[in-house]
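Peer 1: Quick one: structure below, then a few questions.
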Amino acid sequence: MRYENHLILRIGILAGLFVLPADIFYKILLKPTLFITEKILLKYNPIVIGTKIVIGEHSLNFVPACTATLAYLLLAGLVLTTRDMTLIKGLKVYFVGGTIIFIANIIRVAGLAVLLIEKGYNTFNKVHLFIWDGLSSVFVVLVWIFLVYYFSIKEIPIYSDIKKLIRHLKLSRKQ
């Protein structure tokens, strides 16, 4: 496939992801997140009710952010804006990165639940906001750096495409 067609396809897929309902990842990942978190927290006798995990007097309500929906979209964006990534390699990169995000998110949710039970709402809220505001995007960037090394990715998202497009424009002007 010609470079330009491949670029248009990647941008089209990326645009399609942002046109989809934002809660698609939430709908896909909510049940596994609740189920695994419930199993991790068994010693606290959790009860799953709809989109909540109830533990004693505490109730954890799961909204789309609780399933790391934006992290999966950011990862997809990084994969789709990386020049010269084949479909198979892109799927592998996304699967490995998505698995890391899923596992880390389960650990985060279970850890926050334990913090709520053991230390109370104020501590839970402070740590929850710190993770949400400070660490979530940094974590996705760290996952991406790991994936770059693990899969030997040589291109830089967006930048490599722009660089190649500029080169194409310069060559077409000379002709």
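Peer 1: In this structure, is Ile103 of a type outside the set (S, T, N, Q) and in contact with a strand residue (DSSP E or B) (Cβ under 7 Å, 6 or more places away or on another chain)?
Peer 2: Judged against the criteria, Ile103 is not a match.
Peer 1: What single numbered condition from (1) buried (at least 19 other Cβ atoms within 10 Å of the Cβ); (2) part of a helix (DSSP H, G or I); (3) β-branched (Val, Ile, Thr) fails to hold for Val148?
Peer 2: Only one criterion is unmet by Val148, namely (1).
Peer 1: Mind counting the residues in segment 24-40 that are surrounded by fewer than 16 Cβ atoms within 10 Å (Cβ to Cβ) and closer than 26 Å to Leu115 by Cβ?
Peer 2: Residues in segment 24-40 being surrounded by fewer than 16 Cβ atoms within 10 Å (Cβ to Cβ) and closer than 26 Å to Leu115 by Cβ: 4 in total.
Peer 1: Hey, Ser160 hits all of (1) among the polar types (S, T, N, Q); (2) touching a residue at least 24 places away in the same chain (Cβ under 8 Å); (3) in a loop (DSSP other than H, G, I, E, B) but one; which does it fall short on?
Peer 2: (3)
Peer 1: Moving to a separate point now. Pick from segment 48-65 the residues that are of a type in the set (A, V, I, L, M, F, W, C), surrounded by 12 or more Cβ atoms within 10 Å (Cβ to Cβ) and in contact with a helix residue (DSSP H, G or I) (Cβ under 9 Å, 6 or more places away or on another chain): which of them is farthest from Tyr94 (Cα to Cα)?
Peer 2: Ile55
Peer 1: Across segment 76-126, what is the total count of residues that are surrounded by 15 or more Cβ atoms within 10 Å (Cβ to Cβ), under 28 Å from Lys43 (Cα atoms) and of a type in the set (S, T, N, Q)?
Peer 2: 1
Peer 1: Could you tell me whether segment 119-139 includes any residue that is within 27 Å of Leu80 (Cβ to Cβ) and modelled with pLDDT of 90 or more?
Peer 2: Within segment 119-139 (the criterion being within 27 Å of Leu80 (Cβ to Cβ) and modelled with pLDDT of 90 or more), the answer is yes, since at least one residue qualifies.
The values are calculated or read from the model by the stated rules, or taken from the named source; none is laboratory data. Quantities reported herein were computed from a predicted structural model and do not represent experimental measurements. All Cβ positions, glycine included, derive from the backbone under ideal geometry; neighbour counts span all protein chains shown.
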